[in-house]
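Data block below; observations after.
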Amino acid sequence: MPTHPAVPADPTVLHPMPDQPRVVQLKPLVTSPLIDVGAYSYYDDPDDPTAFETRNVLYHYGPERLVIGKFCALGTGTRFIMNGANHRMDGPSTFPFPTMGGSWSDHFDLITDLPGRGDTVVGNDVWFGHGTTVMSGVRIGHGAIIASGAVVTGDVPDYGIVGGNPARLIRTRYGAEDVARLLAVAWWDWSAQHITEHVRTIMSGSVAELEAAAPRPRHR
């Protein structure tokens with residue numbers, strides 16, 4: 001057990017592991033107003049993790065948003081396909097003629113009026129395996145696990161484990177009652193100091209132990 005003072009990790013440091021430049025915290029990296037990332041969520045890529053906005057968030061022409069919660073772990077190659085990737089499918093051709101220029105651009109309304117699926121929202125404490133793909137408008141619940149290579153085309157429940165193409169629910173990490181208890185505890189909303197004092201419980205404790213570690217409300 002460590003004996004040094006309980007000091008929280010710094011959520012503003014780009015590279016939390018100085019000897020591993022492949023790991024970046026996303027909150028201090030992201031600049032797009034259409035991407036909202038919570039504290040401590042990170043991306044791991046041996047090539048260029050700092051290019052996350054352009055290499056991993058694709059076809060993001062707006063106005064839909066990508067929202068990623070706190071304490072999420074994104075494995076190498078995790079990609080979010082946004083609404084801008086959509087093509088018309090209600091006519092003979094799916095080709096986006098207006099994007100090629102010339103007088104074809106006079107028909108840009110045929111692209112801009114495409115229906116969107118809305119924001120893509122990822123909860124807190126979600127783990128994305130290597131090479132996962134998340135399609136536009138998907139909502140992923142808290143505590144979920146996305147297996148390596150999964151293509152997520154639909155919503156994922158809280159604490160669900162999904163895999164495959166298209167991704168299917170493999171199982172849930174906890175029963176319904178325990179999931180409700182975990183959501184009520186919402187440890188990701190604790191103060192950084194309180195989390196620091198209870199890291200071992202958060203990582204390896206039982207639901208009851210996590211509940212016991214929760215900060216007590218102050219009485220006036």
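Checked against (1) more than 26 Å from residue 111 (Cβ to Cβ); (2) open to solvent by 60 Å² or more (accessible area, probe 1.4 Å); (3) touching a strand residue (DSSP E or B) at 6+ places or on another chain (Cβ under 7 Å), residue 59 passes all but condition (1). Residue-level check: of (1) of a type in the set (Gly, Ala, Ser); (2) open to solvent by 30 Å² or more (accessible area, probe 1.4 Å); (3) outside any loop (DSSP other than H, G, I, E, B), residue 91 misses just (3). Taking the criterion of being part of a loop (DSSP other than H, G, I, E, B) and open to solvent by 10 Å² or more (accessible area, probe 1.4 Å), the residues of the range 142-160 that qualify are 142, 147, 148, 149, 153, 154, 155, 157, 158. Entry remark, the range 164-197: residues being more than 18 Å from residue 122 (Cα to Cα) and either of a type in the set (D, E, K, R) or in contact with a Phe, Trp or Tyr (Cβ under 8 Å, 6 or more places away or on another chain) (or both) number 7 in total.
For (1) charged (D, E, K, R); (2) in a helix (DSSP H, G or I); (3) in contact with a strand residue (DSSP E or B) (Cβ under 8 Å, 6 or more places away or on another chain), each residue gets a yes or a no:
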site	(1), (2), (3)
162	no, no, yes
165	no, no, yes
174	no, no, no
179	no, yes, yes
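Tell me, yes or no, whether the range 167-179 has at least one residue that is open to solvent by 60 Å² or more (accessible area, probe 1.4 Å) and over 22 Å from the mean Cα position of the chain (by Cα). Within the range 167-179, one or more residues are open to solvent by 60 Å² or more (accessible area, probe 1.4 Å) and over 22 Å from the mean Cα position of the chain (by Cα).
The values are calculated or read from the model by the stated rules, or taken from the named source; none is laboratory data. A quick note: this is a predicted structure, and the numbers were derived from the prediction, not measured. FYI the Cβ positions are ideal-geometry reconstructions off the backbone, even for glycines, and counts take in every protein chain you see. Ligands, DNA and RNA are stripped out before the accessible areas are found, and what is left, the full protein with its side chains, is counted by its heavy atoms. Shrake-Rupley method; radii C 1.70, N 1.55, O 1.52, S 1.80 Å.
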